[in-house]
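See structure below.
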């Protein structure tokens, strides 16, 4: 079976559309976080958005391999979420739900690809599903900590680190303003079990 004649071809196109939309939705979410002063949380979401870009890049790469000629159009029908608004807490929950749905769909897509003989594409879907499941855990932990008020308040002392200048202090809560560089609390590195103390490097294009 030729890829361009298969269901896997359609599934790749839907996955590409899904990942490009997810990236943009997360950029909206990240924008809102930065506007409200949650710099390090915004950087976590920005990193996830960049990972979604690379998922879409891989799906697009396989689509382009389906034909030596330019593909003018792929007629697909799909449903995509439009739930995010300017509310950080709800957006974290919505993002977790979206990642859960993507992982489930990609596992199903992998089975179809394997049945149609596209083992490399099946592996791509399987690997992507694992990442989406991890993204779900990250969003759920951020959601839980924000809802419970534990982003910047811990039951036992921890090391708090300013992502802007590296200043550190031990306590159950960080400073409101960094005594070294004067950045606000939103620049403090977050403590997440899914990631460890986290301050991601800026993604490279």
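The values are calculated or read from the model by the stated rules, or taken from the named source; none is laboratory data. From a predicted model like this one, the values you see are computed outputs, not experimental measurements. Ideal geometry is used to build each Cβ from the backbone, glycine not excepted, and the neighbour counts take in all protein chains shown.
Tell me, which strands (runs of 3 or more DSSP E) wholly within segment 103-205 include 3 or more residues that are farther than 23 Å from residue 47 by Cβ, free of Cβ contacts under 8 Å to residues at least 24 places away in the same chain and outside the structural domain of residue 17 (by TED's automatic domain parsing)?
Per the criteria, 168-171.
If I ask for residues that are out of contact with any strand residue (DSSP E or B) (no Cβ under 9 Å at 6 or more places or on another chain) and within 16 Å of residue 184 (Cβ to Cβ), which ones from segment 154-165 would you list?
Scanning segment 154-165 gives 164, 165.
Within segment 66-87, is even one residue assigned to a helix (DSSP H, G or I), more than 12 Å from the chain's Cα centre (by Cα) and either surrounded by 12 or more Cβ atoms within 10 Å (Cβ to Cβ) or modelled with pLDDT under 95 (or both)?
Scanning segment 66-87, I find no residue that is assigned to a helix (DSSP H, G or I), more than 12 Å from the chain's Cα centre (by Cα) and either surrounded by 12 or more Cβ atoms within 10 Å (Cβ to Cβ) or modelled with pLDDT under 95 (or both), so the answer is no.
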